[in-house]
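Colleague: Following this message is one structure expressed as C-alpha cells.
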Amino acid sequence: MSDWPPLLAVFLALPLTAAVLTPAVCRSSSTRGWAWALVTMLVTSVIGGVLIARVATRGPFSYVVGGWTAPYGIELRFDEFSAAVAIICLLGVLAIVFSRRYAERALQAERIPYYYALLLLNLTGMLGFTVTGDLFNLFVFLEILSLSGYALVAISGEKIAEMAAFKYLVMGAISSLMVLFGTGMLYALTGSLNMADITSRLAGAAQTPLIVALGAMTLGFMVKAALFPLHVWLPDAHAIAPSPVSAILSGLVVKVGIIGMLRLYQIAYGSGAVDLAGLNLVLTWLGALAIVMGAFFAVFQDDIKMMLAYSTISNIGYIVMGLGLASTYSVIGASVHVFNHALIKATLFLGAGALIHQTGKRTLTDLAGIGKAMPFTVAAISIGAISIVGIPPTAGFLCKWYIALGAMQAGHPFFGFALVFGALLIFIYYIRMVNAFYFREPRDRAAVDVQEAPATMLIPVLVLATLCLVMGVLGRLPLTFIEPAVERLLMPVGGG
Amino acid sequence: MIDALWQNLDYAASVVLFCIGLYTVITRENLIKKFMGLNIMETAVFAFIVALGVVEGGDAPIAGSGAAPPFINPLPQALILTGIVVAVSTTALALSLIIRIWRQCGTIEADELREAE
C-alpha cells in the first residue's frame, strides 16, 4: 500500500468522466469543447508526471480498486513500461491543441463536441490499458480505445471514411475476441485474472492449452499493432481519419498491441512455464517482412497521409523484430522505439495535417514547392523525415542502433541487414517527399500560394520536431530508465 | 480421442460455432451478414468462457440458500456480462456505420463498394 493511494485511480477516472460529460458541457460550442478537453488532458498529464516520478524513484507500485485485495479484485499497477503514459499524455495534449482550427474546417459543427469526447475516451482507454494489472480489465480498456477509434475514423464523414472504419471495426473486433478467448484460457489454467498472480501460478501448467492461449492473444495483439500481413485495415483508416486522429492512431493506438505483447511476455517469461523460442522466431521474421514490405508499399504512394500510414507498418516491424530477437539490447531498443516513433509519426501526421488544412491538397504532386510558402511546417516535417530514417543526431537513430546491436547479440546478423535495407527504402521515399516540398516546381502556383499555418497548429508541430532532435541527444535517458525493467523481463524463472 | 471429445462437448461446440462465424465473415459480401458472422464468433467465445465455470452437479454459491459444495464458479458469467455489453456497443456502432454507407453509396455489398471506389 502506498501513502498517496487515490492518485492512480484519479488518473483514469478524471479523463473518463470528463469524456462522458463533454457533449453535455459544451453543447455546440467548439471552443468550449476544445478548452474542456485541453484542461482535462493537462491535469491528467500532471498526475501522470507525478506517477512517473514515483516509479523512477521507488519502483513499481499498485492501487487496489474498491478495496478488494490483489488476486480477487482489480489491481492497477504502475511499472516502468507504464511510463508509456508520458507519450500518451504528451500526444494527447498536442493533438487537442492542434484540433482547435483543424476540426472547425474538417468536421461538421455539431459533431465537434463528440469529436473531443471520443478523443478523450480513446486516450483514457490507452492510459488504462497501460496501467492495469488485471487481464480482463485489459480487455475492457482495449475495447474502450478500439470502439472510440473506429468512431473517430468515421467522424470526418468523407465518402470512404465509413467503409474504412467498418473494415477497421471487423478486424479489430475479431482481434479483441482472440484476446478475450486467450484470457478465458489463462483463467481456466490458473483460476486467476491478475497478471502477477497468473505468472506465479502458471508453472507446470499443461503445455498445449497454454500455447493456444498465448498464441491467440499474440495474434489478437498483432492485428491491433497492424503487423504485416495483418495490416490491411491500417492504410485506409489512418489516411482517411482527421489528421490529429491519424497522429493518435498511428503514434499510439497501434502501440497498444505492442504493450499488450510486452505484458504477455511478462507473464510468459516470468512464469518460465513455456518455451517462447518458436514464437520469437515467427515475430522476428514477420517484423523483418513488415519493415521491407511497409517501406516498399510506401515508395509508390502519392498521397502524403497514405505514405505515412505505410511507414507506420514498417516501423511496427522494427519494434516487433526487436521484441522477437529477445536480447537485452533489442528489447530496450524496441521499447524506446515505441516512444520515439510516436513522437516522430505525430510530427509527420500533424505537419501533413497543417499542409492539407492550408492548401486543401494532399498529394505530393499537388504539394510540390510548398516549402517556400510554409517554411516552418515543412522544416518540421523534414526533421521528422530525417528522424524516421534514423540519421544520427535524431530520435530515430538510437532505437534502430540498439535493435541492430540486439540482432548481433542474439547471433542473427541477417536481421541487422534487413533493418539497414529497410532504412534505405525508407530513406528513398522520405527524400522524395522532402525533395518535392523544397525543390520541385509547383504544378499550380495558386494552389501553393498560401499562408503559414495558424499558431495552434504550428506550435504542436514545432514542439514535436524539437523533441525529435532533443530525444536524439538525450537518448540515453529513456534507455537507462527502461533497462532494469527489460532485464527483469528477460530474466529466467522467478524474475517477475 | 472420441471419448475426450465427448467429455468436452461444450468446448468443441464453441470451436465449431467460432469457425462458422469466421467463415461467414470471410465469405459473405453483404456487410450486415458479415457482421452477423462476427456476432456468431462473439457468441462462441462467450459460450466457451461461461462453460469454464460449470461444475457437474454444483450449486450456485449463494449465502444462506442452503447450497452445499461443490460450487459453480460464477466469475465467468460476470465477465461475460461485461463482454455482452461490449458486443452490443460494437454492434450498434457497426449498424450505424452500415446505415451511413447505405445512404452515401446506395449499396452495402462489399464487392460493389470496392468497384465504386
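The values are calculated or read from the model by the stated rules, or taken from the named source; none is laboratory data. Computed from a predicted model, the values in this text were never measured in an experiment. Cβ coordinates were reconstructed from backbone atoms using ideal geometry, including for glycine residues, and neighbour counts include every protein chain displayed. To get the accessible areas, we keep the full protein, side chains included, count just its heavy atoms, and leave off ligands, DNA and RNA. Shrake-Rupley method; radii C 1.70, N 1.55, O 1.52, S 1.80 Å.
Colleague: Evaluate the following for A:Gly251: is it farther than 27 Å from A:Ala161 by Cβ, open to solvent by less than 20 Å² (accessible area, probe 1.4 Å) and small (Gly, Ala, Ser)? It would help to see each step written out before you state the result.
Modeller: Working: farther than 27 Å from A:Ala161 by Cβ: no; open to solvent by less than 20 Å² (accessible area, probe 1.4 Å): yes; small (Gly, Ala, Ser): yes.
Here the answer is no, as A:Gly251 does not meet what is asked.
Colleague: Report every pair of residues separated by at least 6 positions or lying on different chains whose Cβ atoms are under 7 Å apart, first residue within segment A:161-186 and more than 7 Å from every other protein chain (Cβ to nearest Cβ), second outside any helix (DSSP H, G or I) and open to solvent by less than 10 Å² (accessible area, probe 1.4 Å).
Modeller: Here the result reads A:Lys167/A:Trp233; A:Tyr168/A:Trp233; A:Met171/A:Trp233, each pair linking segment A:161-186 to a residue that is outside any helix (DSSP H, G or I) and open to solvent by less than 10 Å² (accessible area, probe 1.4 Å).
Colleague: Out of everything in segment B:1-56 that is of a type in the set (Phe, Trp, Tyr) and more than 10 Å from chain A (Cβ to nearest Cβ), what residue ends up being least open to solvent (accessible area, probe 1.4 Å)?
Modeller: Top of the filtered list is B:Tyr23.
Colleague: Any residue in segment B:89-97 that is facing chain A (nearest Cβ under 9 Å), surrounded by fewer than 17 Cβ atoms within 10 Å (Cβ to Cβ) and closer than 22 Å to A:Asp134 by Cβ?
Modeller: Checked segment B:89-97: at least one residue is facing chain A (nearest Cβ under 9 Å), surrounded by fewer than 17 Cβ atoms within 10 Å (Cβ to Cβ) and closer than 22 Å to A:Asp134 by Cβ.
Colleague: Quick check, is A:Ser192 farther than 26 Å from B:Gln77 by Cβ and more than 8 Å from every other protein chain (Cβ to nearest Cβ)?
Modeller: Taking the combined requirement at face value, the residue does not satisfy it.
Colleague: Tell me which of these A:Ala151 doesn't satisfy, since it passes every other one: (1) more than 10 Å from chain B (Cβ to nearest Cβ); (2) touching a Phe, Trp or Tyr at 6+ places or on another chain (Cβ under 9 Å); (3) open to solvent by 10 Å² or more (accessible area, probe 1.4 Å); (4) not polar (S, T, N, Q).
Modeller: All conditions pass for A:Ala151, except number (1).
Colleague: Among the residues of segment A:310-359, write down those that are open to solvent by 10 Å² or more (accessible area, probe 1.4 Å) and touching a Ser or Thr at 6+ places or on another chain (Cβ under 7 Å).
Modeller: A:Leu325, A:Ile356, listed by residue number.
Colleague: Which of the residues belonging to segment B:98-114 are part of a helix (DSSP H, G or I) and either more than 7 Å from chain A (Cβ to nearest Cβ) or at pLDDT 90 or above (or both)?
Modeller: The answer is B:Ile98, B:Ile99, B:Trp102, B:Arg103, B:Cys105, B:Ala110, B:Asp111, B:Glu112, B:Arg114.
Colleague: Here's a follow-up. Quick check on B:Ile80: is it of a type in the set (Val, Ile, Thr) and either more than 24 Å from A:Ser146 (Cβ to Cβ) or more than 20 Å from the chain's Cα centre (by Cα) (or both)? Working first, answer last.
Modeller: On the way: of a type in the set (Val, Ile, Thr): yes; either more than 24 Å from A:Ser146 (Cβ to Cβ) or more than 20 Å from the chain's Cα centre (by Cα) (or both): no.
Against the criterion (of a type in the set (Val, Ile, Thr) and either more than 24 Å from A:Ser146 (Cβ to Cβ) or more than 20 Å from the chain's Cα centre (by Cα) (or both)), B:Ile80 does not qualify.
Colleague: Quick check on my filter: what residues within segment A:95-122 are of a type in the set (A, V, I, L, M) and either open to solvent by less than 20 Å² (accessible area, probe 1.4 Å) or within 15 Å of A:Pro23 (Cα to Cα) (or both)? Working first, answer last.
Modeller: Filtering segment A:95-122 for residues of a type in the set (A, V, I, L, M) gives A:95-97, A:103, A:106-107, A:109, A:112, A:117-121.
Result: A:Ala95, A:Ile96, A:Ala103, A:Leu107, A:Ala109, A:Ile112, A:Ala117, A:Leu118, A:Leu119, A:Leu120, A:Leu121.
Colleague: Also: One residue is enough: does segment B:65-78 have a residue meeting the conditions in contact with a helix residue (DSSP H, G or I) (Cβ under 7 Å, 6 or more places away or on another chain) and open to solvent by less than 70 Å² (accessible area, probe 1.4 Å)?
Modeller: yes
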